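Throughout, read-outs are computed from the coordinates displayed, never taken from laboratory work. The model shown is predicted, which means the values in this text are computed figures rather than measured ones. Ideal geometry is used to build each Cβ from the backbone, glycine not excepted, and the neighbour counts take in all protein chains shown.
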Amino acid sequence: MSWMVWTMPTAIFFSSIAAMLAGMTIWEILSPTIERKGFLPIATTRGDRLFIGLLSAAFIHLGVIGFTALSIWIALAVSAVWLLVLMRWG
Amino acid sequence: MAEITLKGLAHSYEKTPKGASDYAIRQMDHVWHQGGAYALLGPSGCGKSTLLNIISGLLEPSEGDVLFDGQRVNELPPEERNIAQVFQFPVIYDTMTVFDNLAFPLRNMSTPEYRVKPKVLEVADILELTPLLNRKAKNLTADEKQKVSMGRGLVRDDVTAILFDEPLTVIDPQLKWKLRRKLKEIHERFNITMIYVTHDQLEASTFADKIAVMYEGQVVQFGTPRELFERPAHTFVGYFIGSPGMNFMAVEFRDNQVMFGSQPLPVNEAMERAVADASNSVEITSNNIKLGIRPEFIAISSSPSADSVPIQVTSVQDLGTYSLLTFKLNEQTFKARLPEGHSPVGETAFARFDDAHVALYIDEYLVEAGHE
Amino acid sequence: MNNKVPNNRAWLLVLPMLVLVAFSAIIPLMTVVNYSVQDVLGPNARFFTGTEWFQSMLNDDALQAAFLRQISFSLIILAIQIPLGIGIALIMPKRGWQASAVLILITLPLLIPWNVVGSIWQIFTRGDIGLMGWGLRELGIEYNITRNAGDAWATIILMDVWHWTPLVAMLCYSGLRSIPEAYYQAARIDRASKWAVFRYIQLPKLTNVLVIAVLLRFMHSFMIYAEPFVLTGGGPGSATTFLSQSLTTMAVGQQDLGPSAAFSLIYFLVILLVSWVFYTTIMNMQKDKPPHGGA
Amino acid sequence: MSYKLENSQRGEKYNTIFSKISPAQRRNRNARSRWRSRLLLGLYLVLMILPIYWLLNMSLQTNSEILGSMTLWPQNLTFDNYIGIFTNSSWYMGYVNSMLYVAMNMLITICVALPAAYAFSRYTFIGDKHLFFWLLTNLMAPPAVFLLPYFQLYYSVGLFDTHIAVALAHCLFNIPLAIWILEGFMSSVPKEIDETAYIDGYSFPRFFVKIFIPMIRSGIGVTLFFLFMFSWVELLLARTLTATDAQPIGMIMTRTSTASGIDWGTLAAAGVLTIIPGILVVYFVRNHIAKGFALGRT
């Protein structure tokens, strides 16, 4: 496995993604999601909103890293807030 | 306005048809009068749709002529025949609204918009499509779609005949009835010739004034529903019309009697003579002589009478307003219809065939026993 | 037909496939992510660099230029191939041996290995031994793909049109074949012109396959590598260096693992976004089908 | 309100029935438009074939003729280039290698894709839509991204330079593609078939093999065609994962450029030979291909 050159941040990153997927699965088993229409232009399920949230978080990070001098932690915070908003009202 | 005449018409999908079996339509002559409501009835594969497509011009017949008011239109394409056709599966233009769908044929003829609108509204009103006019046609239900495709035929002022190719196949049963009534209503209002293809005898007889029954590429009988029921001109009509269909017995004339296998049949004198003539005739080589009787005209009783034959009862089915009795005679299965409240019968019983309703078929075609 | 049964045991049927695809997709992806935050110099020499690579890649002029070239290339070939493919599908024979023969001929370019496609065109366009290059020179047209960027572009586009239009044409052809005859018959009876038949019957029925065609063509054109590499080697200069080639040069040629990994991830995110938009559009289009009724 | 139309109005309209165009004129016009489309199609086909013809032409010439003068067809027909390929094991083994990993990939892919496609077409399960989308993204993943990790992954599990390595690597895009196509075909088979079979006492595996697979035969044929196509034409991964023992023909072709220049004749002959398997495959599925190209989605 050494050729995969793991680092602590990436390990944390993938673990949290895995944890999120596991959490979503358990949540889904306990209370199945219902497709609904929020402020997004399409009807979405919980999983869809998580995906949209993660994808937009990736682009937020890229934007902050590439085109501003802001700290990456700001991007992370903005993404987290955006993800929550999306999950609740999207 | 348009009397549609088929003269010596025949059609084959093969380039060089060899025998009769290569023909989808065998040589036929037929006249559809202006303003009639006709049904073309027959099993699948008998050539109904082929015939319809020849009339509408989608197919060019390989032999014979199609005449509209005496003028030959064989080569005329459908767009110039002033005919509308409604297909088995509703054909609608998905991306257009219902209004645009109905206006489509008019706009194709570059009708000015001020004339399109009232016409479309009128037709939509008749077909009860007004509330849907602004909806996308794609999202309609099957019956609404079928009404739209009918409407496209009705908007054109010049349409002289509408052809229906099993238009109710995809419609729910309870809506079928409603749509059929609508068709009837439209027919009365517009005085348009309508030809309705179906394999459902009930549909045919509720819609049409006259029914043409097709069998193996030929119209074997053309008549009112009543005529088809009472005097089937061909064994196929007897078998196809009525439920259950006619019973047939292959008979011969032997020992001065009409014999059904080993069973002598008591028939009236005229019939006996006709069967005797047929049996002795040199022209009838196939020896194909049949007697037909509808289940409705077989009387069953527990005791024998002078003109009855003994039978073995196989089963009795109670169908509410009547019972259906299955019996065996000379190893052949027969059906008889017993009126409500008929006294029960045992395993052996006696059947009497109503003389007036026994029909004689030679080579599958009806022969009037008294008139020979 | 559309009412599927909820059944989580269906996962068992998906599992073998999942293991195989995950092996080929997820482990390499994780590795790429790991690379992207480090400077890997050797088996035991690596340094954590954080987001540095991402920052430099996003601001790399050469890559931005390659990205713009890539986008223009994809848009140009879509603009040519989609209408051309529809046109060819419309004039292809519908039945008989001619239909089979045309089908086989048309699909031919699709079945040629991509670098052979490059070779074929490289030979074909050479001034000394290629028919096209020689022909153009005989006609007195200045044509040289190793010197003139315009010629190189035109040739690559021509090659891609030659190579991939058959896919669009075949998709449209099978879309057209699925239109029931009754639609054409009804249109004749309604006196629709040829244009009206195309506009209101054929085109609407083609939307489904066209979305697939656009999606596949966009994605494939975005990762085009072997053909231009063989044909022009990215030149003249970097006039025809597309994204995949920049990436491969960086990762394999220069062994710059960190930057190329970061760049791959950016590239991948863009692809992901585009495919998600397309996919959602397709899915929503299919949902628009009548909620009840229909056969 | 009365809907009865004025008879006079109808009569007037009715006169349009016989238009000004005679049947002969119309037939002419139809024939002309048919010929025009034949001509356009022919033109396209000729332009399309031309580069391939040129390759064939060169493969039948000697290098001196290729480089010497421009000839539209071989003046001195020679099969030396082909003979050279078929008598040199390092050449023809390239074909064997390519065929081998393509066949392995088709087998593996179809085996795992069939049950998975069935699951997608018949059931809903947690995460089904997202899983499906994830699969499709693999179809779009540029292989360039994965080259190095692939090399290391297969090297570390000891599969480097084997046929199975390429076959497994091609699963990355072929499995999603197969599932996508098969799902379309399977969804067009009514669910009632499954239910009837279960009522008749079929177990799932028996039903799947005996009833369901025969029903989507043409779909499977078309899928195999696509699997062949994409595995056969892909070279970036195949090149990265092989060195000598399993090297694909496309790679061996690059050897034609030597210090003394490029051996054009052999290059062309090798190129022609890479086209032939494709022609054979498309010939076998020609009757299903028209339907299959819509990926079961029309």
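For the reader, a short list of remarks on this structure follows.
- Prolate/oblate/rounded call for chain C, Cα gyration tensor, a/c under 1.5 rounded: oblate
- Paramagnetic label zone (point 7 Å from Cα along Cα-to-C-beta, D:Glu192; backbone N under 12 Å) in region C:1-30: C:1
- Spin-label pair D:Arg255/C:Asn144, simplified geometry with 7 Å Cα→Cβ offset, distance in nm: 3.4 nm
- FRET efficiency, A:Leu76 to B:Arg135 (Cβ-Cβ, R0 45 Å, nearest 0.05): 0.40
- Stretch in chain D that is longest and holds no trypsin sites (Lys or Arg not before Pro) that DSSP places in a loop and that have at most 11 other beta carbons within 10 Å: D:21-298
- For a label point 7 Å along the Cα-to-beta-carbon line of B:Lys7, residues of region B:63-79 with backbone N under 13 Å: B:64-74
- Residue-span extension gain [B:Tyr322 to B:Asp22] - 0.36 nm each, minus C-alpha spacing: 103.7 nm
- Taking a ≥ b ≥ c as the square roots of the eigenvalues of the Cα gyration tensor, region C:1-154 is classed as oblate, since a/c reaches at least 1.5 and a/b does not exceed b/c.
- Paramagnetic reach from D:Asp200 in region D:144-187 [backbone N under 20 Å; point 7 Å along Cα→Cβ]: D:186-187
- Within the listed set D:Met70, D:Met140, D:Met186, the residue fluctuating most in the Gaussian network model of chain D (springs between alpha-carbon atoms under 10 angstrom) is D:Met70.
- Low-density loop positions, GluC sites (Glu not before Pro), region C:103-190 - DSSP coil, at most 13 other Cβ in 10 Å: C:Glu142
- Normalised by residue count, region B:247-371 yields a Cα convex hull volume of 107 Å³ per residue.
- Normalised by 2.2 N^0.38 Å, where N counts its residues, the alpha-carbon radius of gyration of the protein assembly as shown equals 1.19.
- Label-point gap, in nm, between D:Asn28 and B:Arg107 - each point 7 angstrom along Cα→Cβ: 3.3 nm
- Shape category assigned to chain B from the gyration tensor of Cα positions, a/c cut at 1.5: prolate
- Separation of the C:Arg9 and B:Asn330 label points, Cα + 7 Å toward Cβ, nm: 6.0 nm
- Computed [θ] at 222 nm, deg cm²/dmol, chain A (DSSP H ≥ 4; -39,500 (n - 2.57); rounded to nearest 500): -24500 deg cm²/dmol
- Sites C:Trp97 and D:Ile279, calculated FRET efficiency, Cβ-Cβ separation with R0 22 Å, nearest 0.05: 0.85
- Comparing B:Lys48, B:Lys15, B:Lys147 in a Gaussian network model of chain B, where Cα atoms under 10 Å apart are tied by springs, the biggest mean-square fluctuation is seen for B:Lys15.
- Per-residue shielding of C:82-91, expressed as the average number of other chain Cβ atoms within 10 Å of the residue Cβ, stands at 2.
- With R₀ fixed at 60 Å, the C-beta to C-beta distance from D:Tyr155 to B:Glu14 puts the FRET efficiency at about 0.35.
- MRE, 222 nm, helices only [DSSP H, n ≥ 4, -39500 (n - 2.57), over chain B, to nearest 500]: -7500 deg cm²/dmol
- With contacts taken as Cα pairs under 8 Å at a separation of at least 6 residues, chain B carries a relative contact order of 15 percent.
- Shielding of peptide C:266-276 by partners, expressed as the average count of other chain Cβ atoms within 10 Å per residue Cβ, is 5.
- Of the cross-linked pairs B:Lys147/C:Lys205; B:Lys176/D:Lys129; B:Lys184/C:Lys205; D:Lys210/D:Lys291; B:Lys48/B:Lys328; B:Lys210/B:Lys290, those separated by over 30 Å at the C-alpha level are B:Lys176/D:Lys129; B:Lys184/C:Lys205; B:Lys48/B:Lys328.
- From its DSSP helices (H runs of at least four residues, each -39,500 (n - 2.57)), chain C gives a residue-normalised ellipticity at 222 nm of -22500 deg cm²/dmol.
- Shielding of peptide C:204-214 by partners, expressed as the average count of other chain Cβ atoms within 10 Å per residue Cβ, is 3.
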